[in-house]
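Nothing in this text is a laboratory measurement; each read-out follows from the coordinates by a stated rule. The structure presented is a predicted model; accordingly, all values stated were derived computationally and were not measured. Because the Cβ atoms are built from the backbone with ideal geometry, glycine has one as well, and the counts that use them run over all protein chains shown.
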Amino acid sequence: MKLMKVIDFAHSLLKESVTKKEIVVDATVGNGYDTEFLANLVGPKGRVFGFDIQKMAIEQAKRYLAEKTCTENIVLINKGHETLKDSIPEQYHGQVAGAIFNLGYLPGGDKQIITHGNTTINALKQLLEIMKPGALIVLVIYHGHPGGEIERDQVLNFVQTIDQKKAHVLQYQFINQINQPPFVIAIEKR
């Protein structure tokens, strides 16, 4: 077995956890790559709710997704992920099977527009409320940019306090790489 890169590991966890026809969340749409991955996982009868605060990201993702995959099962929402509980229709609460976050900034975008610990933690709390038992949240944490270390520390502090009776939390990280390599946090709801 070869060790996987962090994004490959994040995707492998979701592949094992999410099946066709399920409800999933891309909490940071960005260019739409994870949205496409999730849409393919759940198939045309599943549903992907994607969030991004940047209108440019939503527009780019729409164009990308229109070329790559069926978009009928994708709902893109131009809001922050901290609004997900209110933005996802109540009929899906208790059914969400998986979620992915890529924390940091939009690749190729404005590096001043970044994710923040307080909104990410708020989104995590909301997801744990509306996810079904056995559901998986995967965070890929990029922290080498200004503000990244603050969010990293806030998120790590929060996930370490999640009651083990409510969720399992895993960290996947290469510890001998330089330049603040990204790492994965996975949260499995019990």
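Brief remarks on what is shown
- Projected label distance in nm at Lys20 and Ala66, using a 7 Å step from Cα toward the beta-carbon: 2.8
- Residue-by-residue Karplus 3J(HN,Hα) for the stretch 119-131, coefficients 6.51, -1.76, 1.60, Hz, glycine and proline x: 6, 5, 4, 4, 5, 4, 4, 5, 4, 4, 6, 9, 8
- For the stretch 101-190, a/c is not less than 1.5, where a ≥ b ≥ c are the root eigenvalues of the C-alpha gyration tensor, and a/b tops b/c. That puts it in the prolate class.
- Antiparallel DSSP beta bridges within the chain, as percent of all bridges there, nearest 5: 40
- Cα-based Rg / Dmax (Å) for the stretch 6-189: 15.1, 45
- Under-5 Å amide H pairs with Ile74, H placed in peptide plane, nonlocal only: Val48
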